[in-house]
1. Quick check on the stretch 79-100: of everything there that is over 18 Å from residue 58 (Cβ atoms) and in contact with a strand residue (DSSP E or B) (Cβ under 9 Å, 6 or more places away or on another chain), which residue is surrounded by the most Cβ atoms within 10 Å (Cβ to Cβ)?
2. So which of 532, 495 is surrounded by fewer than 20 Cβ atoms within 10 Å (Cβ to Cβ), more than 34 Å from the chain's Cα centre (by Cα) and either under 26 Å from residue 305 (Cβ atoms) or not assigned by TED's automatic domain parsing to the domain that holds residue 309 (or both)?
3. Find the residue count for the stretch 148-197, including only residues that are touching a helix residue (DSSP H, G or I) at 6+ places or on another chain (Cβ under 6 Å) and over 22 Å from residue 220 (Cβ atoms).
4. What number of residues within the stretch 215-238 satisfy the criterion of being more than 17 Å from residue 168 (Cβ to Cβ) and in contact with a helix residue (DSSP H, G or I) (Cβ under 7 Å, 6 or more places away or on another chain)?
5. Cβ contacts < 8 Å: first residue free of Cβ contacts under 8 Å to residues at least 24 places away in the same chain, restricted to the stretch 181-196; second residue buried (at least 16 other Cβ atoms within 10 Å of the Cβ) and assigned to a loop (DSSP other than H, G, I, E, B), any location; separation 6+ or different chain. Result?
6. Quick one: how many residues across the stretch 45-60 are within 22 Å of residue 104 (Cβ to Cβ) and either surrounded by fewer than 16 Cβ atoms within 10 Å (Cβ to Cβ) or in contact (Cβ under 8 Å) with a residue 60 or more places away in the chain (or both)?
7. Within the stretch 585-670, considering only helices (runs of 4 or more DSSP H) that don't extend past its boundaries, which have at least 3 residues that are within 19 Å of the chain's Cα centre (by Cα) and either at pLDDT 90 or above or surrounded by fewer than 23 Cβ atoms within 10 Å (Cβ to Cβ) (or both)?
Amino acid sequence: MSNKVPQRLQLEIYKTLFENNPDAGYAIDSEGYFFFTNESTLQLTGYTRAELHQMNFLPFIKEEDRDRVVQHFVSALNGNVEKFVTTITPKNGEDVDLYVTAVPIILNGSTKGIVGIAKNLSDLHATQNELIQSRNQLQHIFDSIDVCLWSMDMQTNSLLHISPACQKIYGYTQQEFAEDPSLWRRVIHPLDRKQVEARQPLLLEGKALKHDYRIVDKNGKCKWISDYTIPILDEFNQLVRLDGVCNDITQQKVYEEQLHFMAYHDTLTGLPNRRLLTDRLQQALTKAAANKTKVALLFLDLDRFTCINDSLGHNVGDELLQIVSNRLTSRQLEWGTISRQGGDEFAIVLEDFTRIETVLSAVEKALWMISSPIWLNGQEYVITTSVGISMYPDHGHDPDALLKRADQAMYFAKGRGGNQYQIYRPGMAKDLSRKVLIEQSLHKALGNNEFFLVYQPIIHAPTGIIVGFEALIRWHHPLLGMISPSEFIPLAEEAGLIHSIGIWILKTACLQSKSWQKEGLASTYVSINASARQFDNDDFVKTIEQILDETGLPPHCLRIEITESTAMTNVMEMISKLTELSRLGVNISIDDFGTGYSSLSYLKKFPINTLKVDQSFVRDISKDKNQEAIIQAIVALADSLGIHVVAEGVEAVEQYLFLQKMGCQDMQGYFFSKPVPPEQVEDLLRNGCSFLLDIV
């Protein structure tokens, strides 16, 4: 085809383009009347071509805008190209915003009218409005969230923007940060400033940086901040901008510190627990080896303290333990580490001595301090203690050996009548102690049917309905009478009898639970405690599976409880066995949570269904705000891991109401029911008992 397009063809092309233009195209004569319009103009105005060609453009224009539009029209007639925005009112009465381009029609040097193109701005305005709305929403979020978002130009060292949350977190306004770029550095706590600055070079390498540190806000308050900073590099790998998010994590750190304290300290007395004692003892041994000195470990067990708990209640017992703790810690600077080992047992580490007389003097002081009369609630109590002593290097070179031998010596001292001390020596006459009699009797107790089970109801907090029972073993000794499980279970473990006793508990509890189900009573679960020694048995999981098969109890109706210390004895093996049990359908519960020293990093790895909040936390809910905070932290932790929570030791309505408010689902304790024999359980289930009927 020739490069020269015939004029007729050109005209046809222009006409086609004009007619099919999606924008309104029209021609207006010098008087303002339409004489040529395309289809888009007809759609825009709502008039037919015949109607429109009889109309002037001016009535379409909003009255307040007509003078300005006329000026543009006159200018176009004078030979100028005019571009402007206006609003017209079509036939349907709905205003339309237009962007108009007006070009003069010139023939033989004379302007005959104008050609106009009008673009409908409605869609554009709608899009702009949506963008504005989205921007406003984002700005509202930006302004209202509690985290501080910021961006800094590193080439000019100036703040590009910062969210209003900066004032809530730091106490300083957006303007104060913008006017003083060095304020970021100055608010960092002096003790943390070096470690924060030491990591800054990573940003120059283009590496995002996340770290926690302390700040001092405008009011002088110390806070913990989680800082996540993202470096932006240019094409030459030069740092040009920093974008960051800062979040106040002070409360989180408080919870972490509380949980850390719980891991290393006894909750009742605040003394170091067994784990911290072991660490301190190891440090003392290392120091003694270097200095050629000795270390002594005193193991204290309060005499007949179980009788106090049984006769006067745990509240009195706990107060007495706190008094004993305070008496011992009054000599802490002289004695070194003092620890509560659990129950009524304490331990004291004596360091840096060479003469045995130093140890004996400390022991006599301890015996005297503890045995001094205690006045409590108008009553006088006299508490005595038995003390076992082991020494480095004479009796062992590591904490475990010294603890074991001090414990053995303590039992010998107790066997001599209490309020005595005994230095460990090989081949002690253990036959003098109650311990030996119990150990010997344990071998015959199963065969003589001296053991029996009682069941404590576990209550669904919102409804008061029984959802399960904890099976608890009891021993009626023919000579000694009732013996506490806390006394004979450790001895059964030492004697290697715990596995056979554990099998008896499992089988008896499962048979009993299945029997209740057969009688059409409520389908509840039964919870059974298992010790570390039981898990040491390679066939433990297989044994449980066999018992479930033999008794016909559904696996989900069995819950195995382990303590924190049991869970942490051999973590990987414990995870493996618990996982096997979980696959069987058996539920797993961590008992006495908060009293041991489980690692939170390991806790989420265990296939745990339930955490049982220890009664030591529950007991002082209404008296101690710290205990309430700890329970709140435990429930929050369990909730974040998707773990059920059961509180034990609930003895008062105030405790029940607080625990329910915290989100604790299930509870057990004397407030609802003491452990009862099977026949009373049947009455409870048959009567459909709810334990909340009497609560106002």
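The values are calculated or read from the model by the stated rules, or taken from the named source; none is laboratory data. Keep in mind the model is a prediction, meaning the values are calculated, not measured. No Cβ is skipped: glycine too gets one built from the backbone with ideal geometry, and neighbour counts run over all protein chains shown.
1. Step one: list which residues in the stretch 79-100 are over 18 Å from residue 58 (Cβ atoms), which gives 79-81, 83, 92, 94, 99.
Filter again for in contact with a strand residue (DSSP E or B) (Cβ under 9 Å, 6 or more places away or on another chain), leaving 79-81, 83, 99.
Working: 79: 10, 80: 12, 81: 11, 83: 11, 99: 15.
Ranking the qualifying residues of the stretch 79-100, first place goes to 99.
2. Working: 532 fails: more than 34 Å from the chain's Cα centre (by Cα).
Every option except 495 fails the conditions.
3. 2
4. Here is the first cut: in the stretch 215-238, the residues more than 17 Å from residue 168 (Cβ to Cβ) are 228-238.
Cutting the leftovers down to in contact with a helix residue (DSSP H, G or I) (Cβ under 7 Å, 6 or more places away or on another chain) gives us 229, 231.
Of the residues in the stretch 215-238, 2 are more than 17 Å from residue 168 (Cβ to Cβ) and in contact with a helix residue (DSSP H, G or I) (Cβ under 7 Å, 6 or more places away or on another chain).
5. Partner pairs satisfying both residue conditions: 183/172.
6. Step one: list which residues in the stretch 45-60 are within 22 Å of residue 104 (Cβ to Cβ), which gives 52-53, 55-58, 60.
Keeping just the survivors that are either surrounded by fewer than 16 Cβ atoms within 10 Å (Cβ to Cβ) or in contact (Cβ under 8 Å) with a residue 60 or more places away in the chain (or both) gives 53, 55-56, 58.
Qualifying residue count for the region: 4.
7. Values: elements: 600-603, 615-618, 625-641, 653-661.
Answer list for the stretch 585-670: 600-603, 625-641, 653-661.
Each row is one residue, and each column tells you yes or no for (1) under 42 Å from the mean Cα position of the chain (by Cα); (2) modelled with pLDDT under 90.
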residue	(1), (2)
385	yes, no
388	yes, no
397	yes, no
401	yes, no
406	yes, no
415	no, yes
424	no, no
448	no, yes
453	yes, no
